[in-house]
Amino acid sequence: MVRAVFLFVMMALPLKGVCAWFSGSDALTSAHQRLLEGNTAESFDAMVEAWQQEKTSTEHRHLTELLSLAISEDCGRSLSTLSLPSWLESMVIRRETVQTPNRVYYQFSIYGNSNQGIASLSFAEWPNQSLILSELTEENENQFKLEFEAVAGAVPAGLYKLDLTSKEGEAWSSWVLIAQPEPTQKISWKDSRSWRIAPRLDLKSTCPRPFLSMNLYQQTGVEDAPIWSEDKDKNLPTSLPVIDVPNGQYWFSVALIERRWQGAILFEDVQRIARSIDLPDIDLKELSLNKDAK
């Protein structure tokens, strides 16, 4: 699939663009060649090497496009042959954009599970820009979640290094390639109880279909667990269902979540909209019963 898409892209580019694509560094040329040959993991290794070299803006763009093509092979599962260590059960990297009526902000988090326990975790952009550096406590060493709140925008495409140390002192690390942030907002409010979702364009994607996560929180306890939540991966709803909760003001969020992999590491790109709502300002149950009666 990658080879077919790649050849189509090459044919669509003017000759000058094709020459520029292959005139980069040795590592960049190797990354293209390995991908064309179907050696996705070797292409990934060459991309990592290319990111460590000086790049022009054109080469930077080609690397991000190349990663997208490589992901389309099998949603990134063959990008890396590096497996998680026995003491690390799962590893998730999440990049999130949150829109509220008052502001837009960006979050980045790494979370997972360890049967042995994690002593420390660091995540840094190449060559030495630290995003997350943390010593874990007994409370979160087995189920951990570490967050970084970006200021200027979503964590950009590029090369990053992930390092973990278990409670027993065993070290594990992996290079991580972050894809280009989604340029368009795919979910937006229609009114206080309904929203719009942009139609999916890449219907032949090898990745799972996006799913929707809806969560309702007490207005004074947004940091606590939601009092109601529901996830949908088919026939995505575009309005809040009838919920049996006491009258009052709540915080409601809806997230559109897309997933891919880098070998054993799961990536989540999330677009979330959130706002304060009053429930119920109309008798939703009675309205529902009246509709059923008709």
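The values are calculated or read from the model by the stated rules, or taken from the named source; none is laboratory data. Keep in mind that what you see is a predicted model, and the values were worked out from it rather than measured. Heads up, the Cβs are rebuilt from the backbone with ideal geometry, glycines too, and the neighbour counts pull from every protein chain shown. Side chains included, ligands, DNA and RNA excluded: accessible areas come from the protein's heavy atoms. Shrake-Rupley method; radii C 1.70, N 1.55, O 1.52, S 1.80 Å.
Among 75-86, 102-113, how do they line up from the highest to the lowest mean number of other beta-carbon atoms within 10 Å?
Those peptides, ordered most packed to least, come out 75-86, 102-113.
Only sites in a loop by DSSP and with at most 10 other Cβ atoms within 10 Å count here; which GluC sites (Glu not before Pro) in the stretch 187-267 make the cut?
Those that pass, being in a loop and sparsely packed, are Glu223.
In vacuo Debye scattering of the stretch 116-214, one point per C-alpha: log10 I(q)/I(0) at q = 0.24 Å⁻¹?
-1.23
With a 10 Å radius around each residue's Cβ, average the other Cβ atoms per peptide and rank 168-176, 28-36, highest first.
Details: 168-176: 14.4, 28-36: 19.6.
Descending mean neighbour count gives 28-36, 168-176.
Which aspartates and glutamates, if any, have their Cα less than 15 Å from the Cα of Lys232, not counting same-chain residues under 8 positions apart?
Glu258
Tell me which GluC sites (Glu not before Pro) from the stretch 66-157 have a DSSP coil assignment and no more than 12 other beta carbons within 10 Å of their own.
Here the GluC sites (Glu not before Pro) that fit, given the DSSP loop and packing criteria, are Glu138, Glu139.
What whole number of Å gives the distance from the Cα centroid of the stretch 196-272 to the Cα centroid of the stretch 61-93?
That distance is 23 Å.
Which of the peptides 57-65, 154-162, 192-200 is most tightly packed, and how do the rest follow, judged by the mean count of other Cβ atoms within 10 Å per residue?
154-162, 57-65, 192-200
In whole percent, how big is the carbon plus sulfur part of the accessible area of the stretch 117-197, probe 1.4 Å, protein atoms only?
Whole-percent figure for carbon plus sulfur exposure: 45.
How many times 2.2 N^0.38 Å is the alpha carbon radius of gyration of the stretch 192-273?
1.25
Between Glu139 and Trp228, what FRET efficiency follows from the Cβ-Cβ distance if R0 is 25 Å, with the result rounded to 0.05?
0.45
Evaluate E = 1/(1 + (r/R0)^6) for Gln185 and Ala264, where r is the Cβ-Cβ distance and R0 equals 25 Å; express this FRET efficiency to the nearest 0.05.
0.25
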